[in-house]
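Just below is one structure, and these are the notes that go with it.
The values are calculated or read from the model by the stated rules, or taken from the named source; none is laboratory data. Here the structure is a predicted model, which is why all the values come from computation and not from measurement. In this analysis, Cβ positions are derived from the backbone assuming ideal geometry, glycine residues included, and neighbour counts consider all displayed protein chains. The area values use the complete protein model at the heavy-atom level, side chains included, leaving out ligands, DNA and RNA. Shrake-Rupley method; radii C 1.70, N 1.55, O 1.52, S 1.80 Å.
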Amino acid sequence: MFHFLFFLLLAPGFARAAEIALPAASFERTGTLRAFYRTGQLATGAGELTIRWTDAHGRLIENRRIEVRLNDENQVSFTLDLGRTAAMRNQLTAHFLFDGVNKRGQADHREEDAKAEFIARPANRSWWDYEIIMWQHRKPAQVAALKTIGISGGQWVGRNRSLPDFLLDNDLRWYAENIATDFYSEYHRYFPDRRNDWMFLEAREQYKKDRTSKEPFKRHPSLSDASWLAKVHDRLVESAKFYAPYRPFFYSLGDESGIANLAAFWDFDFSDESLVPMRRWLRERYATLRGLNEQWETDFQSWDAVIPPTTDEAMKRQGENFSGWSDFKEWMDIAYASALKMGADAIHSVDPEAYIGIGGGQMPGWGGYDYARITESLNAIEPYDIGNNIEIIRSLNPEMTVLTTAFATGPWEKHRVWYELLHGNRGLILWDDKSAFIGEDNTIGPRGKETAPYYKELRGGLGALLINSRRVADPIAIHYSQPSMRIEWMLAQRPKGENWVLRNSSTEYRDSNFLRLRESYCRLIEDEGLQYNFVSYRQMERGELARGGYRVLILPHSTAVSEAEARAMREFVESGGTLIADGQPAAFDEHCRRLPKPWLADLFEQKPDRAILLTADVLNYHQNRVVGKEGEVKRMMGELLGRAGIKPEFAVTDDSDKPVTGVETHVFRNGGVRLVALLTNPELRIDDLGPPEFKSNDRFAKPVTVRLRLPGERFIYDVRGAKELGRRKEVSVTLDPYEPAIFAVAAEEIPAMQIAAPARAPLGGSVEVGIRFATATPAENHVLHVDVVNPAGKTAPFYSGNLPAHEGTAAKRIPLALNDPAGRWEVRVRDILSGQTKTAAFEVY
């Protein structure tokens, strides 16, 4: 599609028809484009060429007449100022009127037309604003209506070789969906005539009939199959070549992908395509066959003979050495992450700035969902918020773009959207299979009316402000350990024997004490008004504890750790850090082989003041807090954190000056400004909490009044209320149960915003607007919302939107069209952080 010269002919049936020739199909929105009008035959004479340039908004950008003199020539050049673009889709039409003579001296009269189209690439590739994406396809008029409630994009299957006109005609971007789902998600994907997991169920039934066979454990296709990897690589490259000019939000390699069916446990992959590279990896890891045999307690005579045990075999062997089984599971995590990285690398070879991810990301655990590896392979993901995966992702890779899917309605859905924004989300994908957002008559439906107020607020600059600020965690680390997950699973399932084969993805979530314990530690810390980061087993070995300046490390059933991890933990305590653990910390090595003595046993014996082994019931805290029974465990954690010198910088307390259960404090750093957000903190998946008495968030569904105490006297701004509150030491807040209160806090006052614009501008001219603050602002990144209002009092959406202002300075160009209305225009600017507004007017003639 994209050649050095791109031609779109008016009459393809004629070899020498008139045409507009462009040097490419797409262009950046800067500089000058030189184009050519070509008439069919060489000509001598004079005439006139009229060029009209319009766009998807209906703007008439150029209507130029060019006097033409040709001397045995057939082309006329003209230029376009690409800085005047305001839409992706642009159309050029040419009308050529000419009189002259040909080589034979005969009269040569020509009146002809030609058309061409080009794409002005979206201006900014970085994901700096909050995006709301409609998954279902809608008619162009419906999309136009959806834009009015804040929806900013759509989806389009990345294997298509046509374009989504319903989006382009509304100047909306999209993400490229499901490019290689048949590879990454083969055991859980759409089939028109059967269940999406039929292949997984078939493999399971096959194994139940013959538990000696490894055929049900061979993945088709293998994630390590060289021919499939090459096939998918080439497909992704072609997709990127086609879509890169349109700058998709992201490329989705697959939806609800995984080694097997979502996050279900299964013994994939015993195919030769998997075992051969696995043996190479084992060879790198162990160096010698003897080393592997000693670790696994096996007697393989050659590397080609190495075959890991199945789960049945591992469960039946004597003792507690699960090294072969665990190494095989680690290999499969590596194979999945490597396949994802191959996909990302393929697209980046064409579109180096692209965001590349997967949709329907699962809970941390089985299925390849070791987020320590996934966050190193991709730079975008759409996960289901399960098992604290969002907190794990934003901890392990703060730059990773996360967005989630919206399925529900009601006040708790509104709460979820705010909650996930404050936890680092950058957008939403809307699932609207019931057409509740928009009707066939193009009117906004009930779900659209319900969500419009907060969607528009998020899209109006508040989402961008939070995205362009850095989320702050307190010096508390929670250990993220994939080896510990494996051994805890094995120890829990081994007594049940062969019943493991009946488990599915939902089972893995609902009966995992390992996940529940991690969730309880998260809620415990949040209920103390604090935040945390997860530190992975891989980061631990690389020195992250020291580099991150942590004071407390929590080991939630960190049963399997490497010697290098144990050494880092020991050094952490020796340097004054506090280690909090439960269960049997470091009782197994990283291969899931029980140690003669836990790595850290002497540390807990010799330094009980800083290496603390808990006996309290932390496991059930996430349940107990729902019914007001958090008391003793919460008090204990508060004391331990206090002894470690960790207290909230911004304390949120009740009337008795105690931390408030169920109110989460989020702090974002923006230069010298702190954004402090308070939001109720219920259990998001309340139906998973077991007995009926725990299945209600009623405790958190009421307004609550709290005090926000600042670290001294500070200037404070109510960000959502768009008002300055003056200089204070604390503020009283009545918190809505479903929406946050957000404050900007700074030692210095935000200076006055200033705006400059010319007094007059001609139609077809450009208005340059400058925005700055009177003196240096303490904020590193302001976000300004700009409304450009025409003489009829209507906002021109194609000139309006959010504008980043690094260190308080920004410039806005308004490329007026020839068919814009003349008269008095206004530029209305609102600083989202301080709430200031300024207006400048200019006359268009």
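Return, for the Cα atoms of the chain, the radius of gyration and Dmax in Å, separated by a comma.
For the chain, the Cα radius of gyration and maximum Cα-Cα distance read 30.9, 108 Å.
Per residue of the chain, what 222 nm ellipticity follows from adding -39500 (n - 2.57) for every DSSP H run with n ≥ 4, rounded to the nearest 500? List each step's numbers first, then the result.
Details: 23 runs with 222 residues, N = 845.
So the calculated ellipticity at 222 nm is -7500 deg cm²/dmol.
Take the alpha carbon gyration tensor of the range 170-293, find the square roots of its eigenvalues, order them as a ≥ b ≥ c, and report rounded if a/c is under 1.5; if not, report prolate when a/b exceeds b/c, else oblate.
Values: a/c = 2.97, a/b = 1.46, b/c = 2.03.
Oblate.
With only alpha-carbon atoms counted, please give the Rg and Dmax of the range 591-740, in Å.
Using the Cα atoms of the range 591-740, the pair Rg, Dmax is 19.6, 63 Å.
So for the chain: antiparallel DSSP bridges make up what percent, rounded to the nearest 5?
Numbers: 122 of 165 bridges.
Within the chain, antiparallel bridges account for around 75 percent of the total.
Taking a ≥ b ≥ c as the square roots of the eigenvalues of the Cα gyration tensor of the range 674-826, is the shape rounded (a/c under 1.5), prolate (a/b larger than b/c) or oblate?
Values: a/c = 3.45, a/b = 1.79, b/c = 1.92.
Cα axes put the range 674-826 in the oblate bin.
Got the relative contact order for the chain handy, in percent, Cα pairs under 8 Å and 6 or more residues apart?
Values: 1817 pairs, mean separation 77.0, N = 845.
So the answer I get is 9 percent.
Past 30 Å, Cα to Cα, is the threshold; run LYS456/LYS838; LYS434/LYS794; LYS209/LYS316; LYS241/LYS414 against it and keep the listed order.
On the way: LYS456/LYS838 20 Å; LYS434/LYS794 32 Å; LYS209/LYS316 19 Å; LYS241/LYS414 38 Å.
Checking Cα-Cα distances, LYS434/LYS794; LYS241/LYS414 exceed 30 Å.
For Cα pairs less than 8 Å apart in space and 6+ apart in sequence, what is the mean separation divided by the residue count of the range 389-472, i.e. the relative contact order in percent? Display every interim value, and only then the final one.
Details: 63 pairs, mean separation 21.8, N = 84.
It comes to 26 percent, rounded to a whole number.
Summing Lys, Arg as +1 and Asp, Glu as -1, what charge do residues with Cβ under 12 Å from the Cβ of LEU80 carry, LEU80 excluded?
Working: positive: ARG29, ARG34, ARG52, ARG64, ARG84; negative: ASP55, GLU62, ASP81.
Once positives and negatives cancel, what remains is +2.
Can you tell me which of 659-666, 538-545, 551-558, 607-614 comes out highest on packing, and rank the rest after it, using the mean Cβ neighbours within 10 Å? Write down the numbers at each step before the final one.
Details: 659-666: 22.1, 538-545: 18.1, 551-558: 25.0, 607-614: 16.2.
Per-residue Cβ counts within 10 Å, averaged per peptide and sorted highest first, yield 551-558, 659-666, 538-545, 607-614.
Quick one: pull the percent of accessible area on the chain belonging to carbon and sulfur, 1.4 Å probe, ligands and nucleic acids left out. Could you put the intermediate results ahead of the total?
Details: 16370 of 33480 Å².
Carbon-and-sulfur percentage of accessible area, whole number: 49.
Once amide H atoms are placed 1.01 Å from N in the peptide plane, what residues at a sequence separation of 5 or more from GLY365, or on another chain, have their amide H within under 5 Å of its amide H?
Amide H neighbours of GLY365: ASP370, TYR371.
At 1.4 Å probe radius, can you tell me the per residue accessible area of the range 474-593 in Å²? Don't skip to the answer; put the middle values down first.
Working: 3680 Å² over 120 residues.
Accessible area per residue: 31 Å².
Provide the packing ranking of 738-744, 441-447, i.e. peptides ordered by the mean count of other C-beta atoms within 10 Å per residue, highest first. Walk me through the intermediate numbers first.
Details: 738-744: 22.3, 441-447: 14.9.
Packing order, densest peptide first, comes out as 738-744, 441-447.
Taking the solvent-accessible surface of protein heavy atoms with a 1.4 Å probe, what is the per residue accessible area of the range 707-845 in Å²?
Numbers: 6050 Å² over 139 residues.
Result: 44 Å² of accessible area for each residue.
Give me the accessible area per residue for the range 141-298, probe 1.4 Å, as a whole number in Å². Let's see the in-between values first.
Values: 6200 Å² over 158 residues.
Spelled out: the 1.4 Å probe surface of the range 141-298, per residue, equals 39 Å².
Once the range 791-845 is represented by equal point scatterers at the alpha-carbon sites, with solvent omitted, what log10 I(q)/I(0) does the Debye formula produce at q = 0.18, 0.29, 0.30 Å⁻¹?
Ignoring solvent entirely, the Cα scatterers give -0.70, -1.44, -1.50.
So what is log10(I(q)/I(0)) for the range 448-520 at q = 0.13 1/Å, when the Debye sum runs over its Cα atoms only?
Evaluating at q = 0.13 Å⁻¹ gives log10 I(q)/I(0) of -0.70.
Given the alpha-carbon gyration tensor of the range 47-120, what are the semi-axes of its equivalent ellipsoid in whole angstrom, ordered largest first, with each equal to the square root of 5 times an eigenvalue?
On the way: eigenvalues 177, 23, 18 Å².
Those come to 30, 11, 10 Å.
Quick one: what are the phi-derived ³J(HN,Hα) couplings along the range 50-62, Karplus 6.51/-1.76/1.60 with θ = phi - 60°, whole Hz, x for glycine and proline?
Karplus values, whole Hz, x for Gly and Pro: 10, 10, 10, 10, 10, 9, 5, 7, x, 6, 9, 8, 9.
Name the lysines eligible as straight-distance cross-link partners of LYS658: C-alpha to C-alpha under 19 Å, and not fewer than 8 places from it in the same chain.
LYS629, LYS634, LYS647, LYS702, LYS729
Leaving ligands, DNA and RNA out of it, work out the accessible area of SER227 with a 1.4 Å probe and give it in Å² to the nearest 10.
80 Å²
If you take every residue apart from PHE242 with its C-beta less than 12 Å away from the C-beta of PHE242, what net charge results, scoring Lys and Arg +1 and Asp and Glu -1?
On the way: positive: ARG159, ARG161, ARG235, LYS241; negative: GLU238, ASP351.
Neighbourhood net charge equals +2.
Which Cα, out of ASN442, LEU545, THR559, lies furthest along the positive dipole direction of the chain (beta carbon charges, K/R +1, D/E -1)?
Selected residue: ASN442.
Near VAL350, within a Cβ-to-Cβ distance under 11 Å, what is the net charge of the other residues, with Lys and Arg +1 and Asp and Glu -1? Write out the running numbers ahead of the final one.
Details: positive: LYS241; negative: GLU238, ASP345, ASP351, GLU353.
Summing Lys/Arg as +1 and Asp/Glu as -1 gives -3.
How do 234-247, 715-728 rank on mean C-beta neighbours within 10 Å, highest first?
Working: 234-247: 19.5, 715-728: 16.4.
Most protected by this proxy first, the peptides run 234-247, 715-728.
Based on DSSP, what percent of beta bridges with both residues in the range 78-216 are antiparallel, to the nearest 5? Display every interim value, and only then the final one.
Details: 13 of 20 bridges.
Antiparallel bridges: around 65 percent, rounded to the nearest 5.
Over the alpha-carbon set of the range 480-594, divide Rg by the Kirkwood Rh and report the Rg/Rh ratio to two decimals. Intermediate values should be presented prior to the final figure.
Values: Rg = 15.2 Å, Rh = 15.2 Å.
Using only Cα positions, Rg/Rh for the range 480-594 is 1.00.
Quick one: Cα centre-to-centre distance for the range 573-613 and the range 112-154, in angstrom?
Taking the Cα centre of the range 112-154 as reference, the centre of the range 573-613 is 54 Å away.
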